[in-house]
Amino acid sequence: MDCWTAPILEKAQKNNRAVKIWSAGCSSGAEPYTLAIIVLDTMQKRGHEQNVTVTIFASDIDDKSLKTAMKEEYSDEQVKGISSARLKKYFDRIDGGYRAKDSIKIDPI
């Protein structure tokens, strides 16, 4: 997955720039969290985690969807495609599912 993230992160690091990503139509929030996980995994793999600031913004036209996304909670069914290693790394286990850890918090707009 780092075919698109690695070049962006390397250019940002080289030019001492921040990376901002906008996830439009974020619905339940799964989309921006997926982006966050991909970016963080790439940063750690390539050694950028201390050198590049990445901010992910999430928006949706539907207020109800935004409120759902802002809860940052996902059922066992919703996370079934995420590896156990990534679940452990990026989510805390809660009753009936998972909640995103602070390391991948998204800014709703």
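Taken over the stretch 24-46, the criterion of being more than 17 Å from Lys64 (Cα to Cα) and touching a residue at least 40 places away in the same chain (Cβ under 8 Å) is satisfied by Tyr33, Ala36, Ile37, Leu40, Asp41, Thr42, Lys45, Arg46. Output the residue which, of all residues in the stretch 69-109 that are β-branched (Val, Ile, Thr) and closer than 23 Å to Lys20 by Cβ, is modelled with the lowest pLDDT. This residue is Ile109. Pairing each residue of the stretch 1-23 that is without any contact (Cβ under 8 Å) to a residue 40 or more places away in the chain and part of a helix (DSSP H, G or I) with any residue that is among the hydrophobic types (A, V, I, L, M, F, W, C) and buried (at least 17 other Cβ atoms within 10 Å of the Cβ), provided the two are 6+ apart or on different chains, yields C-beta distances under 7 Å for Thr5/Val39; Ile8/Val19; Gln13/Val52.
Condition (residue is under 14 Å from the mean Cα position of the chain (by Cα), part of a strand (DSSP E or B) and of a type outside the set (Phe, Trp, Tyr)) applied to the stretch 61-80: is it met by at least one residue? Yes, because at least one residue in the stretch 61-80 is under 14 Å from the mean Cα position of the chain (by Cα), part of a strand (DSSP E or B) and of a type outside the set (Phe, Trp, Tyr). Taking every residue in the stretch 63-84 that is free of Cβ contacts under 8 Å to residues at least 24 places away in the same chain and pairing it with any residue that is outside any helix (DSSP H, G or I), at least 6 positions away or on another chain, the pairs with Cβ-Cβ distances below 6 Å are Ser75/Gly97; Asp76/Gly97; Val79/Tyr98. Which of the residues that make up the stretch 16-44 are more than 22 Å from Asp63 (Cα to Cα), surrounded by fewer than 16 Cβ atoms within 10 Å (Cβ to Cβ) and touching a strand residue (DSSP E or B) at 6+ places or on another chain (Cβ under 6 Å)? Once the filter is applied, which keeps residues that are more than 22 Å from Asp63 (Cα to Cα), surrounded by fewer than 16 Cβ atoms within 10 Å (Cβ to Cβ) and touching a strand residue (DSSP E or B) at 6+ places or on another chain (Cβ under 6 Å), the stretch 16-44 yields only Lys20.
The values are calculated or read from the model by the stated rules, or taken from the named source; none is laboratory data. This one's a predicted model, so the numbers in the text were calculated from it and none came from an experiment. With ideal geometry, Cβ positions are generated from the backbone for all residues, glycine too; neighbour counts draw on all protein chains shown.
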